[in-house]
Amino acid sequence: MSYTLPVVVHVISPVGTAIGQANNLSDAEIEKGLDLLNQAFANQGAFNAPNGQDIGIQFCLAKRDPNGNATTGITRHGNNVVNESMCSPGTDVNKDIELKK
């Protein structure tokens, strides 16, 4: 049996960052990420391992929101708490808390 799970990707980037620039991923980059995730769950491509197996779960961008309205499955949020330095290893607890408000 195979399952396809619709997901919503939330992109949080500094206010005013153009789509496709810095950490404001383009739709194509997000779709490529989902493709890689699907390959990993299917034990395919670069993720093919001799002792691995296809677990029968795939992911796709949601087509409907919880109210039944059409959606691309990608939401974009501007927040100046986010910046490129947050992409480095480790967590700034204060920025993390501010971002989640």
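The values are calculated or read from the model by the stated rules, or taken from the named source; none is laboratory data. What you see is a predicted model; the values in this text were computed from it and never measured. So basically every Cβ, Gly included, is an ideal-geometry build from the backbone, and we count neighbours across all protein chains shown. Areas reflect the complete protein model, heavy atoms only, side chains present, ligands, DNA and RNA absent. Shrake-Rupley method; radii C 1.70, N 1.55, O 1.52, S 1.80 Å.
Counting only residues that are open to solvent by less than 90 Å² (accessible area, probe 1.4 Å) and part of a loop (DSSP other than H, G, I, E, B), which one in the stretch 30-54 is nearest to ALA18 (Cα to Cα)?
Looking at the filtered set, the residue picked out is ASN43.
Please determine whether any residue of the stretch 6-15 is more than 24 Å from ASN79 (Cα to Cα) and at pLDDT 95 or above.
The answer is yes; a qualifying residue exists.
Among all residue pairs at least 6 apart or on different chains, which show Cβ distances below 6 Å where the first residue, located in the stretch 73-101, is more than 22 Å from GLY33 (Cβ to Cβ) and the second is modelled with pLDDT under 80 and among the hydrophobic types (A, V, I, L, M, F, W, C)?
Note: pairs meeting the criteria are VAL81/LEU99; LYS95/VAL81; GLU98/VAL81.
Of all residues in the stretch 55-64, count the ones that are exposed (fewer than 13 other Cβ atoms within 10 Å of the Cβ) and within 23 Å of ALA28 (Cβ to Cβ).
So the answer is 2.
Could you run through the stretch 70-94 and say how many residues are modelled with pLDDT of 70 or more and within 24 Å of GLU29 (Cα to Cα)?
Qualifying residue count for the region: 13.
Would you confirm, using the coordinates I've provided, whether ALA40 is touching a Gly at 6+ places or on another chain (Cβ under 8 Å) and at pLDDT 95 or above?
no
Of everything in the stretch 8-29, what is surrounded by 12 or more Cβ atoms within 10 Å (Cβ to Cβ) and either among the β-branched types (Val, Ile, Thr) or not in a loop (DSSP other than H, G, I, E, B) (or both)? Give them in sequence order.
Of everything in the stretch 8-29, those that are surrounded by 12 or more Cβ atoms within 10 Å (Cβ to Cβ) and either among the β-branched types (Val, Ile, Thr) or not in a loop (DSSP other than H, G, I, E, B) (or both) turn out to be VAL8, VAL9, VAL11, ILE12, SER13, THR17, ILE19, ASP27, GLU29.
Based on what the data block shows, is ILE97 modelled with pLDDT of 95 or more, hydrophobic (A, V, I, L, M, F, W, C) and either open to solvent by 40 Å² or more (accessible area, probe 1.4 Å) or under 18 Å from ASN24 (Cα atoms) (or both)?
For ILE97, the condition - modelled with pLDDT of 95 or more, hydrophobic (A, V, I, L, M, F, W, C) and either open to solvent by 40 Å² or more (accessible area, probe 1.4 Å) or under 18 Å from ASN24 (Cα atoms) (or both) - is not met.
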